[in-house]
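The values are calculated or read from the model by the stated rules, or taken from the named source; none is laboratory data. Just so it is clear, the model here is predicted, and its values are computed rather than measured. Surface accessibility is based on the protein's heavy atoms, side chains included, excluding ligands, DNA and RNA. Shrake-Rupley method; radii C 1.70, N 1.55, O 1.52, S 1.80 Å.
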Amino acid sequence: MSRVISGRSLPGEFYHDREIFEMDMQRIFRRCWLYAGHESRIPERGDFFTWQIDRDSLIITRGRDGEINALFNSCRHRGSIICTEPFGRAVKLICPYHQWAYDTDGSLTSARLMPDDFDKSQFALARAHVRTLEGLIFVCLSAEPPPFELFSEAMLPRLLAHELTEARVCHQKEYSVDANWKLVAENSRECYHCGAGHPQYVKAVGFAAAIGSKLLAAEDRAQEEARQARLSACNLDPSPVPFAGDSWYHCRRFYLRDEFLTESLDGKPVAPLMGRVPGYEAGVLAVVTLPNLLLEVCPDYAVTLRVTPSGPLTTRVNVEWLVHKNALENTDFNLDRLTAFWRLTGEQDWKLCADNQLGVNSSAYRPGPYGPDETGVRHFVDWYLQRLIQTDPAAHSMALAGAQ
Ligand code: FES
Ligand code: FE
């Protein structure tokens, strides 16, 4: 096992080794709060969608009481998967094998031909923990989830004005990225690559263009201060929630270049305004939750990127686009225009991540030094290693033996 060197990228095995991938699943994805999707995907009672995480499939349902449930998609009879569709609406969840039937809250309601004294109450579907924040559904597979409250308290004042509870998913797209999930996470934690990698992003977003140019950075800082003052005057808190210590969430508001009102290719609005934001003065709210969510909320639409590892060398990324629930396609917005910016940005990133993977697979790969614009990557890697340390002292010595 190669050593981890502080201030350098991780050794190659962290990006391709099956054993480390299994550790990532056990110690990160089975313990942390994970973003599952926006609740508008299951607006009615009986609506569900499924989500495969590692060996588990989850059924995210809206029960008859209107509450959201995360049920393990494994029948309590002999274990068959129950929901075979990615989404749908059902009065009962019926196992295709011997037709045991479950309510949408997971309770077993009928077990065909079982003895009269069979106690159905003992055979409800296993459940994962669920919490929602402004329409964003989070689940945790652990029996003892980490606290959620500090996160929701920090995020709520920043998210509330955008009224994501009044939004709906108008489009979603799944990508299979040929890269380890950590390369995908690292890519989203720095904009060192933006200048060359995302010409359209740099055109829209001031800070991306400022990377590497002190002159531009100073100009953008002055502009940002003026905009923050205007935002404060509208009773919107523009202050960021920084990653502190080993915390798993972060948010900040940034402002687009003058000629850009939203994250679109031409800078023009792509949908009706959402929420109670003061026109286009609100800029863009960016929220990151580790290990698997990037959310960007523009004044007129929002986008979520959900990251799910699907193997040591592959990652699924599900992108959701959200607009106000009353906005009508082809009347109030054009889907191609609405989705173009993040389709392009995402697809550019997936190619960069796949190229990164091919390179770290090389026998010649050696961990390289982070630059000054890669503090987000350093935080992510420190957070990741901490998760391994907290759960396994042996991993501690492995991960930090070479730290300098
Ligand atoms: Fe589901 Fe038999 S395995 S009813
Ligand atoms: Fe990128």
Compute log10 of I(q)/I(0) for the range 57-196 with the Debye formula, placing one identical point scatterer on every Cα and leaving out solvent, at q = 0.11 Å⁻¹, to two decimals. -0.60
With every protein chain in place, what's the accessible area of Trp321 (1.4 Å probe, Å², nearest 10)? 0 Å²
To check my understanding: the extent here is largest minus smallest coordinate of the Cα atoms along each principal axis. What are those three numbers for the chain, in Å, largest first? 79, 56, 34
Per residue, accessible area of the chain with a 1.4 Å probe, heavy atoms of protein chains only, in Å², comes to 45 Å²
Under a Gaussian network model of the chain whose springs join Cα atoms within less than 10 Å, the largest fluctuation of Val91, Val277, Val317 belongs to Val91
Given a 1.4 angstrom probe, I'd like the percentage of the accessible area of the chain that is carbon and sulfur, rounded to a whole number. 51 percent
Quick check on the range 148-187: take the gyration tensor over C-alpha atoms, sort the square-rooted eigenvalues as a ≥ b ≥ c, and tell me if it's rounded (a/c under 1.5), prolate or oblate. oblate
Just by accessible area at a 1.4 angstrom probe, what is the order of Asp24, Asp65 from largest to smallest? Asp65, Asp24
What's the extension gain from Glu19 to Phe148 if we count 0.36 nm per residue and subtract their Cα-Cα distance? 43.5 nm
Using distinct alpha-carbon pairs, which all enter the 1/r mean, Kirkwood radius of the range 1-109 in Å: 16.0 Å
Heavy atoms of Tyr370 accessible to a 1.4 Å probe, total area in Å² rounded to 10: 40 Å²
Determine the calculated [θ] at 222 nm for the chain from helices alone, applying -39500 (n - 2.57) to every DSSP H run no shorter than 4 residues and normalising by the residue count; nearest 500 deg cm²/dmol. -8500 deg cm²/dmol
For Leu344 the rounded accessible area (nearest 10 Å², probe 1.4 Å, non-protein molecules ignored) is 70 Å²
For a distance above 14 Å, tell me the whole-number percent of Cα pairs in the range 258-346 that qualify. 66 percent
Report, to the nearest 10°, how far helix 214-233 tilts away from the longest principal axis of the Cα atoms in the chain, using its own Cα long axis and a range of 0 to 90°. 60 degrees
